[in-house]
Amino acid sequence: MRERTDIFANVDWITIILYFALVLFGWFNIYAAVYDASANQSIFDLNLNSGKQLIWIGASVITIIIIFFADFRLIDSLAYIAFGVVLLLLIAVLFFGREVAGSTSWFEIGSFRFQPSEFAKFVTALALAKYLGDPQAKLDRIPDLLGVCAILFLPVALILLQGDAGTAMVFSIFILVLFREGLSPIPLILGVLGAIVFLLAIYLTQIVELSPTWIYTTIIIIGIIATIINRKKRSKLITSILITLAICGVVRSVDFVFEDVLKPHQQTRILVLFNPDLDPQGAGYNVNQSKIAIGSGGFDGKGFLEGTQTKYDYVPEQSTDFIFCTIGEEHGYIGSFIVIVLFSALILRVIQLAERQKMRFSRVYGYCVAMILFFHFSINLSMTIGLFPVIGIPLPFFSYGGSSLIAFTVLLFTMVKLDSHRMQVLSH
Amino acid sequence: MFKERKVIIQSVVIFVGIILLTRLFHLQIIDETSRLAADNNSRRKFVEYPYRGLIYDRNGEIIVYNKPVYDIMVVPSEVDMEDTTKFCSLLDIDKQNFIERMSEAKHYSYVKPSVFYSQMSNEEFARIQDRFSEYSGFYVTPKTNRYYPYSGMANALGYIGEVTPGILKRDTTSYYKSGDLIGISGLESKYEDALRGKRGVSYKMINVHGVVKGKYKEGKSDTIPEPGLNITTTIDSELQKYGEKLMDGKIGSVVAIEPATGEILSIVSAPSYNPNLLTGREFSKNYSLINSDTTKPLYNRPIQADQYPPGSIFKMIQALIALEEGVISPQTRVVCNRSIINCHGPHSYEDLRGAIKHSCNPYFYETFKRIIQQGEVNSFNADAAVGLEGWIEHLKTFGLGQRLGIDLPNERTGVVPTVSLYNRIYGEGSWNFFTVYSLSIGQGELGVSPLQMANLSAIIANRGFYITPHLVKEIGGSRELVPEKYKKKNYTSVSPDKYGVVVDAMDAVVNSGWSGTGARAHIDDIVVCGKTGTAQNPHGEDHSVFIAFAPKDNPKIAVSVYVENAGQGARAAASIAGLMIEKYLKGEIERKHIEDYALEGDFIY
């Protein structure tokens, strides 16, 4: 008994309550998304997604208990091993996986399906934490940076090979973790600027259909003006010239990246962001229907189980990637508000937990958890309301699916476990 | 180390949250378009068609009803058929046809039902019904078609068809939608508003595949269809059938009216067509066949053939006007001077009754001259204009030269000349009685439709008034909705006491043995009054005309018969009129020889 009280003594109940609030809200919405008034099915019906999700919730609770009863030191010591195992699974899935919707990311054994890339985020976070947990590791040292790059790019490359660009994009959020751990902000700023220039260039060439000559001419004229202004100071002069050339380079790359690297469906997903009416029956359809469903909810929604757009299949994937539509439609702005507040609170709470860690390992891991949740939450919502291209990533704890729910549970509760032992310092 | 960066990251999280909340605020609260779009998506209007009203004859016999037909619908995605041969033989189509129908359906939609086989008859459907259920993906939608149990009276009943773009454009009430059925001619068109009933509308929720998932807002905005009102017509279908039988193979019209009420007992247009041809899926094919028939079966002669010269039946009107004007009396005699105008039969110096009986042309030449040239004005020519004007006013009160107002579409006016017409032809003041004298015997610038002739017969039968002839007796089981004009008496300008001599003369036409021209209309125990006409026709043989009513006292039926190119009115027309009266008043025909004559007779000799 004494050990038991020890286990729960230092857990962060705020995080746990937020977690269960999200999971239960999600469960009700999965039921609502598939509810058919004429069929009179119960939320517990195992033929329904809601019934199956309940099993996954049960499995998650068991997972949580296992995590709590395990020795927290295992987390640190198994970090690289787990990373290695998942990398092997990511390789194996390329050969033995089943292709679903264009990506080979699922193992299928009987009726049981499992997506290793969901766990890649977790083990990458562990490996990164382990790597940076070494007090010697410094992010301004080239060899250490290369190590970090290796940890990140291995899973990303394998996931990209599966054809799952959406999950691969999640790893980009680790740059914020690295920034917190001392990475120079320059790559971050350059990345954001590059993305803005890239999108602007797409907008100008693909939507406005401006001739590239005009764009280059404008950039070069601005560049020359900047160079003339800065001609006195040598370093500024060189920077001006370099930036001008870099922007030209990005613009030049747009054609290549957009037309040759991106697949046609990815191209249209970007284009419909700028103009949703571009292809209302095709690529614009999902986003349009999703926005209609959410928008039709109004202030207080149509009521639980009263949504029509989601239930009558106007919104595709309404149990998984587009689960937020059900919330928006049935619970209106109030529901959206609650979801956003709950998620923001959870993310900020996890950041808080990370900051109070004594070990760098735990802090890095905590930031990884917060940022993964942040990326999934913000990008998933953005894509349902037409602020971001549809990249097919789930809303944590809400979207239907065992792999996703258990992976996020493990991710979060590993942090809760580490946090409950924050007073104990591991000796290396 | 780098602790301050925590704040930056927290700010990013909060900032993104605010962006999302702002965007959602706009989407969910400010922007209305999604709410409309959501309704557009998932709410669909379903029209429920009411049962069209039935049509009965005056004795309660049904003459138009709705017959169930079955549309075979297919949902291509649900079809699972290994061997189509059996299915094809069931529907009696060949394999190629099956493939065509399927690909058409697939072209429309894989998941929504479309018509595979339209308007299968009750009998056909009964034959396949049992085995039909074995085939998945095929469904049956019952519909109704108009059906005419006895195949006559096509032009009076009319037909229904899909609304045309033209009708939709003219429809100011915006009631009709493309694909609706509407009465296009005859009674179906005239009483469309009563017969059609009221469409019901229901709003249902549909899913993305178009499958109905339930009522919209629990059916609060739904309306139930109201069936159309049944109509009882004035038609006696036995008489109608008989009239059609008599007119078989002839061109012309028979119209029978109940004089006291203006109710049309029968209205025959010959040749006609089987109204059942213009229902159902063969509509267009049959319509173009009928429409291109050179005998013009779609031409509704009783109300549209208004160019017929009335011929001798017009002499009664001349007599009545002359009596009213006081220019003759029943005792007035006129020498049958055949040097001015030809005549027929052995007579020489008749009074009015004899003149009508013998159809004496010189008598009415003189009579008309007295009407026209009354010496009101000094100038002989100008006097004719005044006289003619007065004469025309009289004619109008007999319903000539204007639409009577029967409840059928496209009634025509007939022709009554005007003073200005002659002024235009001959010049003002340059014409007089001698210019227009052919009017005196019902020739010249006169045109009368068979309906107007029957109405004339009814006027004489009623001794001076008529009720606008009509076909509707009850609407929805009551007379309340029957227009007022079908209940109101219209008096002629000739006072009732003037009619006696004309009635007596018409009695004599029929009941003077073979010396009367109407002898073929004689029935032993019924006093039939009639008048023959033989209208000259520049294009061929004369038209045979007869009007009659019976019995003489308290008449029950007034008839006009017009048979084109059948020679003298005494032959075909008088026979048919007599038979119609006999059939109506006695129920059966005792004078078989007349019937045979009317059916088989060669009237031209």
Of A:LEU305, A:LEU271, A:LEU353, A:LEU262, the only residue that is more than 10 Å from chain B (Cβ to nearest Cβ), crowded, with 21+ Cβ neighbours inside 10 Å and over 19 Å from A:PHE397 (Cα atoms) is A:LEU353
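Conditions (1) of a type in the set (Val, Ile, Thr); (2) crowded, with 18+ Cβ neighbours inside 10 Å; (3) part of a loop (DSSP other than H, G, I, E, B), marked per residue:
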{"residue": "B:GLY152", "(1), (2), (3)": "no, yes, yes"}
{"residue": "B:ILE167", "(1), (2), (3)": "yes, no, no"}
{"residue": "B:TYR175", "(1), (2), (3)": "no, no, yes"}
{"residue": "B:ILE182", "(1), (2), (3)": "yes, yes, no"}
{"residue": "B:GLU188", "(1), (2), (3)": "no, yes, no"}
{"residue": "B:VAL201", "(1), (2), (3)": "yes, no, no"}
{"residue": "B:GLY228", "(1), (2), (3)": "no, yes, yes"}
{"residue": "B:ILE235", "(1), (2), (3)": "yes, yes, yes"}
{"residue": "B:LEU239", "(1), (2), (3)": "no, yes, no"}
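Please specify each residue of the range B:554-600 satisfying the condition of being among the β-branched types (Val, Ile, Thr), within 25 Å of the chain's Cα centre (by Cα) and under 21 Å from B:ASP542 (Cβ atoms).
Quick first cut of the range B:554-600, residues among the β-branched types (Val, Ile, Thr) only: B:557, B:559, B:561, B:563, B:576, B:581, B:589, B:594.
Now restrict to residues that are within 25 Å of the chain's Cα centre (by Cα): B:557, B:559, B:561, B:563, B:576, B:581.
Scanning the range B:554-600 gives B:VAL559, B:VAL561, B:VAL563, B:ILE576.
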The condition of being within 30 Å of A:TYR285 (Cβ to Cβ), crowded, with 17+ Cβ neighbours inside 10 Å, within 14 Å of chain A (Cβ to nearest Cβ) and not basic (Lys, Arg) holds, among B:LEU27, B:LEU36, only for B:LEU27
For this session: Look at A:THR320 and say whether it is out of contact with any Asp or Glu (no Cβ under 6 Å at 6 or more places or on another chain) and either closer than 18 Å to B:ARG23 by Cβ or within 11 Å of another protein chain (Cβ to nearest Cβ) (or both).
Result: no
Over the range A:380-397, the set of residues among the β-branched types (Val, Ile, Thr) and closer than 20 Å to A:THR409 by Cβ is A:ILE393
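Hand me the list of strands (runs of 3 or more DSSP E) wholly inside the range A:61-121 holding 2 or more residues that are touching a residue at least 12 places away in the same chain (Cβ under 8 Å) and either aromatic (Phe, Trp, Tyr) or surrounded by fewer than 17 Cβ atoms within 10 Å (Cβ to Cβ) (or both).
Values: elements: A:98-100, A:103-109, A:112-114.
So the answer is A:103-109, A:112-114.
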Filtering helices (runs of 4 or more DSSP H) wholly in the range A:160-207 for at least 2 residues that are over 30 Å from A:GLN357 (Cα atoms) gives A:165-170, A:185-202
Of the residues in the range B:404-425, those that are over 11 Å from B:SER449 (Cβ atoms), open to solvent by less than 50 Å² (accessible area, probe 1.4 Å) and not aliphatic (A, V, I, L, M) come to B:GLY405, B:ASP407, B:PRO409, B:PRO417, B:TYR422, B:ASN423
A careful count of residues in the range B:95-149 that are surrounded by 15 or more Cβ atoms within 10 Å (Cβ to Cβ), of a type in the set (Ser, Thr, Tyr) and not in a strand (DSSP E or B) gives 2
A careful count of residues in the range B:426-444 that are farther than 12 Å from B:GLN373 by Cβ and open to solvent by 60 Å² or more (accessible area, probe 1.4 Å) gives 3
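Has the range B:291-299 got at least one residue that is in a loop (DSSP other than H, G, I, E, B), hydrophobic (A, V, I, L, M, F, W, C) and either in contact with a Phe, Trp or Tyr (Cβ under 8 Å, 6 or more places away or on another chain) or on the phi < 0 side of the Ramachandran plot (or both)? Walk me through it before giving the result.
First, the residues of the range B:291-299 that are in a loop (DSSP other than H, G, I, E, B): B:293-299.
Going one step further and asking which of them are hydrophobic (A, V, I, L, M, F, W, C), we end up with B:298.
This time we only want the ones that are either in contact with a Phe, Trp or Tyr (Cβ under 8 Å, 6 or more places away or on another chain) or on the phi < 0 side of the Ramachandran plot (or both), so: B:298.
Yes, the range B:291-299 contains at least one residue that is in a loop (DSSP other than H, G, I, E, B), hydrophobic (A, V, I, L, M, F, W, C) and either in contact with a Phe, Trp or Tyr (Cβ under 8 Å, 6 or more places away or on another chain) or on the phi < 0 side of the Ramachandran plot (or both).
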Checked A:SER38, A:SER42 against criteria (open to solvent by 60 Å² or more (accessible area, probe 1.4 Å), at pLDDT below 90 and among the hydroxyl-bearing types (Ser, Thr, Tyr)); the one match is A:SER38
Subset of the range B:533-544, residues polar (S, T, N, Q), open to solvent by 10 Å² or more (accessible area, probe 1.4 Å) and assigned to a strand (DSSP E or B), comes to B:THR534
Checked against (1) open to solvent by 10 Å² or more (accessible area, probe 1.4 Å); (2) away from chain A (no Cβ under 14 Å); (3) outside any loop (DSSP other than H, G, I, E, B); (4) in contact with a strand residue (DSSP E or B) (Cβ under 9 Å, 6 or more places away or on another chain), B:ASP193 satisfies every condition except (4)
Checked B:LYS552, B:LYS556 against criteria (assigned by TED's automatic domain parsing to the domain that holds B:ILE317 and either over 22 Å from B:LEU451 (Cβ atoms) or free of Cβ contacts under 8 Å to residues at least 24 places away in the same chain (or both)); the one match is B:LYS552
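Please pick out the residue among B:VAL75, B:VAL64 that is at pLDDT 85 or above and either at negative phi or within 14 Å of chain A (Cβ to nearest Cβ) (or both).
It is B:VAL64.
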| query | Can you find even one residue in the range A:399-412 that is of a type in the set (Phe, Trp, Tyr) and either at positive phi or more than 14 Å from chain B (Cβ to nearest Cβ) (or both)? | reply | yes
The strands (runs of 3 or more DSSP E) lying entirely within the range B:444-527 that contain at least 1 residues which are under 29 Å from B:TRP391 (Cα atoms) are B:465-467, B:489-491
Checked the range B:7-24 for anything more than 7 Å from every other protein chain (Cβ to nearest Cβ) and within 20 Å of A:THR384 (Cβ to Cβ); matches are B:PHE15, B:ILE18, B:ILE19, B:THR22
Within the range A:1-26, the residues that are open to solvent by 20 Å² or more (accessible area, probe 1.4 Å) and modelled with pLDDT of 90 or more are A:TRP13, A:ILE14, A:ILE17, A:LEU18, A:PHE20, A:ALA21, A:LEU24, A:PHE25
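Identify, from the list B:ILE594, B:ILE589, B:ILE557, the residue that is of a type in the set (A, V, I, L, M) and open to solvent by less than 10 Å² (accessible area, probe 1.4 Å).
The unique qualifying residue is B:ILE557.
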Boolean, B:ASN59 is in contact with a helix residue (DSSP H, G or I) (Cβ under 8 Å, 6 or more places away or on another chain), open to solvent by 60 Å² or more (accessible area, probe 1.4 Å) and more than 8 Å from chain A (Cβ to nearest Cβ): yes
Within the range A:285-328, restricting to residues that are basic (Lys, Arg) and assigned to a loop (DSSP other than H, G, I, E, B), the one that is modelled with the highest pLDDT is A:LYS302
Flagged in the range B:462-494 as surrounded by fewer than 16 Cβ atoms within 10 Å (Cβ to Cβ) and either on the phi < 0 side of the Ramachandran plot or among the hydrophobic types (A, V, I, L, M, F, W, C) (or both), in numbering order, are B:SER478, B:ARG479, B:GLU480, B:LEU481, B:PRO483, B:GLU484, B:LYS485, B:LYS487, B:LYS488, B:LYS489, B:TYR491
- request: Go through the residues of the range A:334-341 one by one and say whether even a single one is closer than 30 Å to A:SER77 by Cβ, among the aliphatic types (A, V, I, L, M), more than 10 Å from chain B (Cβ to nearest Cβ) and surrounded by fewer than 24 Cβ atoms within 10 Å (Cβ to Cβ).
  value: no
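The values are calculated or read from the model by the stated rules, or taken from the named source; none is laboratory data. Note that the coordinates shown come from a computational prediction; the quantities given were computed from them, not determined experimentally. Because the Cβ atoms are built from the backbone with ideal geometry, glycine has one as well, and the counts that use them run over all protein chains shown. Areas reflect the complete protein model, heavy atoms only, side chains present, ligands, DNA and RNA absent. Shrake-Rupley method; radii C 1.70, N 1.55, O 1.52, S 1.80 Å.
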